[in-house]
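Undergrad: I'd like to ask you about the structure that follows.
The values are calculated or read from the model by the stated rules, or taken from the named source; none is laboratory data. Keep in mind that this is a model prediction, so the values were computed, not measured. Cβ: placed from backbone, ideal geometry, glycine included. Neighbour counts: every protein chain shown. Calculation scope for accessible area: heavy atoms of the full protein, side chains included, ligands and nucleic acids excluded. Shrake-Rupley method; radii C 1.70, N 1.55, O 1.52, S 1.80 Å.
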Amino acid sequence: MRNLKWKWFFIFVVVAVSIWQLHYSYLFFSKDKEEFGRLPVAKQKIIKSRALHLGLDLQGGMHLVMEIDKSKLKEEEVKGAINRALEILRNRIDELGVTEPQIVKQGTDRIMVQLPGVVDRDRAREIIGKTALLEFKLVREPGEMQNILDRINNTLKTVKGDTFDIFSYFPPTARAYGILSPYKSYIEDILALPQLKDQVPFGDTIQWGKEVILEGYKYYPLYILKKNPLLTGNAIFDATLGVGTQHDPLAYRVDLTMTKESRKKWAQITGANINRRIAIVLDGTVQSAPVVRERIPSGKSQITMGNATMEDSKTLAIVLKAGALPAPLKIIEERSIGASLGNDSIRAGIRSLILGSLLVFIFIIVYYLKGGLVAILALILNLIFLLAVLSGLRATLTLPGIAGIVLTIGAAIDANVLIFERIREELKSGKTIRTAIVSGYQKVFSTILDANTTTFIAAIILFRFGTGAVKGFAVTLSIGLAASFFTAIFITRNLFEFWILRGLKSLPMLSIFKNPNYDFLKVKKITYIFSGVFILSGLISLTVHRGLKYGVDFTGGYILDVQFEGESVSSEKMRAALSKIGFDKATIQKESEANLFMIKVQESDENSLNKLKSDLKENFSDRKIDFPRQELVGPTVSKGLQTRAIWVVLLGMLGILIYVSIRFTYRFGVAAVIALVHDLLATVAILSIANVEFSIPIIAGLLTILGYSINDSIVISDRIRENTKLMRGKPFPEIINSSLNQTLARTIITSFTTLLVLISLFFLGGRILHGFSLTLLVGVVIGTYSSIFIVAPIVAEWEKKAPSKKR
């Protein structure tokens, strides 16, 4: 009893912490922008940092992959070029005011940029692609700057009221002119007021610096500079990081070398401005403002970095070399989602989640009665833990991630079904309710562990080699597996123990099969022929269709969603308009209940996409037209995705083969992998016959099938291994048939509940998840079939021809 109290205390703490973590998400999503903006800035920051982070497909935004043109660069210049391009892009994206942008180097020559919430795609592309501007500007003396700021502050008192004081937003240190980070946007708007125009001297300009930390305060430095630059970035020949200065041998410095043409002018500038500061400005942001100590006639300058880190010093060197983009950046992949489409995706995902959960809950209560209540509580806690961990880890929730949650509900019920069916068997053998529950949990532990581990292997491989939003699915599925294992093994057992202490005497359940005794091995030849014919029909279909029907993810090209307002536009009218403007080979698909078309063109030229958009606007000039989603995939990206997709599937099967061989025997592992190949081929056959287009979500669905299908195989293999010991001396076919019959109810119920969830995802999850859910629907049915009629017969046949020594 004492141990039970500690267990319940632990459960209470975990649940309380999870709910506390999720309450930040509730605060964030339950308020509109205006209401949220009225909260104190510090509280806004805390709530944003701890709330669920939505992917671009849910909140809208842009995803870009850019490749640097290496044709005009030497091999040793490529690394420096990509680093310079990164720094330039960071500066430019700050100009967009995007919250939490991601700018990441991919490989040696690519940069991935994600811009959440960006609606004006054309402006974003213009800013990202423009030529960098590096300038040297003279900084006003501190006394002059103080006088100007005093005049600005006095004018603002007349506009904002006597209590307003711009200096109250400065960091509380006498050494800094700047605005504390949380108030930057607010002060930026104030400084743009027309009343302040005359307070800044003619020929001067106010400019911001990069965010810095001084004495524990984060702030943006504020500078008043001469508008006209002293020099531009064209004057710089080279800039390198160095260590050691006149006063500190360990301090960092940046060694700057001017071009031959600029040395004389640089000598004049430095000679005329000794002990004054010259700001280094990139794309309108001050990167540094060093003090000129002496005239520099040689063209070789040294910028001492004081207490700056090596990273800061290296960044400044990169900036100084970035007079322009080091080499052209070409957009090779672009995906953008409008905010309204993101909201539609959220609503579709939530609808499918609610319906899928309700269907599973109803079935579990009806079938398992008292035990069903325990399972439902476990499932609810599973969802709470999953969402709490996602928000706690700052993982991104994507639309495929919502699919992962929906699938987790179906998969989590499998553990509870295994437990209940095992308890049923223990009760049938004459054990008391307490003993049956204890024994049931002990015997099912390794089965649940093995089943979850194999699916987890598939999820890890999908995360490692997957791309974009598919990684979100892998993360969600992985966390869901861990949460379902904890709730099924630990929480439900403690619930039963507590219930027993309160007087639980029986655990009634409905039953599909009373005492099944089917001879599954008897029909193995028929099932082999059926599978062979089925897969052969798929191969014929592939031949007729000349291979798989690849989407733009694999062929390159673009997808454009076209949304019309008002009167409905027919497919024929859209087809005629496309033919008229030279896109007669485009594929069009109209949404049944919306004035929305999806246009696919297998041509990856960015100019073609822009031409298509402008021509459509011209052809439908009498209608309001919008493009809520557009995706551009270049040929180099598409070829890489094809290779990666093949490796994902092969590595998934290899990982499962190794694990099953270790946990069981090599023959079980081989049989399981043969079944997986069968499932993949059969699923691809159906998709080919249905002429379904293959995309990244379809590949994610196929890999998920690997994990799901192996679950069934693991459960059956585990029972065969157990019965081999219990039924020692019995013919191996009898042991296999007995194992299949004992797990038959679990196999049917798990598949049925998973199908309930997938059906809701298929019909309500939205068109983006349509192919993914269809793949899983087909895969679950085929996986259930193969675990009974493929894995077990192969093991039986192998045992017959080469009996195991262990038996």
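Undergrad: Does Phe772 satisfy being part of a helix (DSSP H, G or I) and modelled with pLDDT of 90 or more?
TA: Answer is no for this residue.
Undergrad: So for the range 434-446 (the condition being among the hydroxyl-bearing types (Ser, Thr, Tyr) and without any contact (Cβ under 8 Å) to a residue 12 or more places away in the chain), does at least one residue qualify?
TA: The answer is yes, given that some residue of the range 434-446 is among the hydroxyl-bearing types (Ser, Thr, Tyr) and without any contact (Cβ under 8 Å) to a residue 12 or more places away in the chain.
Undergrad: Quick one: Thr270 ticks every box in (1) closer than 27 Å to Thr309 by Cβ; (2) more than 43 Å from the chain's Cα centre (by Cα); (3) in a loop (DSSP other than H, G, I, E, B) bar one, so which box is it?
TA: Unmet for Thr270, out of (1) closer than 27 Å to Thr309 by Cβ; (2) more than 43 Å from the chain's Cα centre (by Cα); (3) in a loop (DSSP other than H, G, I, E, B): (3).
Undergrad: Residue under question is Leu651, and the condition is that it be open to solvent by less than 40 Å² (accessible area, probe 1.4 Å) and either assigned to a helix (DSSP H, G or I) or at pLDDT below 80 (or both); does it hold?
TA: Against the criterion (open to solvent by less than 40 Å² (accessible area, probe 1.4 Å) and either assigned to a helix (DSSP H, G or I) or at pLDDT below 80 (or both)), Leu651 does not qualify.
Undergrad: Does Leu578 satisfy the condition of being surrounded by 20 or more Cβ atoms within 10 Å (Cβ to Cβ) and outside any strand (DSSP E or B)?
TA: When the stated conditions are applied, Leu578 passes them.
Undergrad: So Val562 fits all but one of (1) open to solvent by less than 80 Å² (accessible area, probe 1.4 Å); (2) under 30 Å from Leu744 (Cβ atoms); (3) among the hydrophobic types (A, V, I, L, M, F, W, C); what number is the exception?
TA: (2)
Undergrad: OK, next. Among Ser506, Ser570, which is over 29 Å from Pro733 (Cα atoms), hydroxyl-bearing (Ser, Thr, Tyr) and at pLDDT 85 or above?
TA: Ser506
Undergrad: Ok, one more. Looking for something farther than 30 Å from Thr158 by Cα, in contact with a helix residue (DSSP H, G or I) (Cβ under 6 Å, 6 or more places away or on another chain), open to solvent by 20 Å² or more (accessible area, probe 1.4 Å) and among the acidic types (Asp, Glu) - is there at least one such residue anywhere in the range 252-275?
TA: no
Undergrad: It is to be established whether one or more residues within the range 725-737 are part of a helix (DSSP H, G or I), touching a helix residue (DSSP H, G or I) at 6+ places or on another chain (Cβ under 9 Å) and within 20 Å of Thr784 (Cβ to Cβ).
TA: The answer is yes, given that some residue of the range 725-737 is part of a helix (DSSP H, G or I), touching a helix residue (DSSP H, G or I) at 6+ places or on another chain (Cβ under 9 Å) and within 20 Å of Thr784 (Cβ to Cβ).
Undergrad: So, one more: For the range 730-743, state whether one or more residues are among the polar types (S, T, N, Q) and modelled with pLDDT under 90.
TA: Within the range 730-743, none of the residues are among the polar types (S, T, N, Q) and modelled with pLDDT under 90.
Undergrad: Collect the residues in the range 536-547 that are touching a residue at least 12 places away in the same chain (Cβ under 8 Å) and open to solvent by 50 Å² or more (accessible area, probe 1.4 Å), keeping them in residue-number order.
TA: Scanning the range 536-547 gives Leu539, His545.
Undergrad: Okay, moving on. Looking for whichever is assigned to a helix (DSSP H, G or I), surrounded by 14 or more Cβ atoms within 10 Å (Cβ to Cβ) and either modelled with pLDDT of 80 or more or acidic (Asp, Glu) (or both) here; the options are Asp122, Asp57. Which one fits?
TA: Unique residue meeting the criteria: Asp57.
Undergrad: Right, here's the next one. Residues Phe752, Phe763: which one is within 19 Å of Ile512 (Cβ to Cβ) and open to solvent by 40 Å² or more (accessible area, probe 1.4 Å)?
TA: Just a single option satisfies the conditions, and that option is Phe752.
Undergrad: Given Ile749, Ile696, Ile710, which one is of a type in the set (A, V, I, L, M, F, W, C) and modelled with pLDDT of 90 or more?
TA: The match here is Ile749.
Undergrad: Considering only the range 11-46, state which residues are surrounded by 13 or more Cβ atoms within 10 Å (Cβ to Cβ), farther than 21 Å from Pro182 by Cβ and more than 23 Å from the chain's Cα centre (by Cα).
TA: Ile11, Val14, Val15, Val17
Undergrad: Still on this structure, I have one more. Mind listing just one residue for me: the one in the range 213-251 that is open to solvent by less than 60 Å² (accessible area, probe 1.4 Å) and in a loop (DSSP other than H, G, I, E, B) and, of those, modelled with the lowest pLDDT?
TA: Thr245
Undergrad: Taking the criterion of being open to solvent by less than 40 Å² (accessible area, probe 1.4 Å), in contact with a helix residue (DSSP H, G or I) (Cβ under 6 Å, 6 or more places away or on another chain) and more than 27 Å from Ala690 (Cα to Cα), would at least one residue in the range 772-784 satisfy it?
TA: Looking through the range 772-784, none of the residues is open to solvent by less than 40 Å² (accessible area, probe 1.4 Å), in contact with a helix residue (DSSP H, G or I) (Cβ under 6 Å, 6 or more places away or on another chain) and more than 27 Å from Ala690 (Cα to Cα).
Undergrad: Also, quick follow-up: Residue check: is Arg295 part of a loop (DSSP other than H, G, I, E, B) and more than 22 Å from Ala81 (Cα to Cα)?
TA: yes
Undergrad: Being over 30 Å from Gly430 (Cα atoms), among the aliphatic types (A, V, I, L, M), open to solvent by 80 Å² or more (accessible area, probe 1.4 Å) and modelled with pLDDT of 90 or more narrows it down to one residue among Val523, Val533; which is it?
TA: Val533
Undergrad: Return the total of residues in the range 371-397 being open to solvent by less than 10 Å² (accessible area, probe 1.4 Å), touching a residue at least 40 places away in the same chain (Cβ under 8 Å) and of a type outside the set (A, V, I, L, M, F, W, C).
TA: Adding up the residues that qualify gives 3.
Undergrad: Let me ask something else. For the range 354-370, how many residues are open to solvent by less than 10 Å² (accessible area, probe 1.4 Å) and either in a loop (DSSP other than H, G, I, E, B) or at pLDDT 90 or above (or both)?
TA: 2
Undergrad: Let me ask another. Which residue pairs have Cβ atoms under 6 Å apart, sit 6 or more places apart or on different chains, and have a first residue in the range 181-206 that is free of Cβ contacts under 8 Å to residues at least 24 places away in the same chain and a second that is exposed (fewer than 14 other Cβ atoms within 10 Å of the Cβ) and polar (S, T, N, Q)?
TA: none
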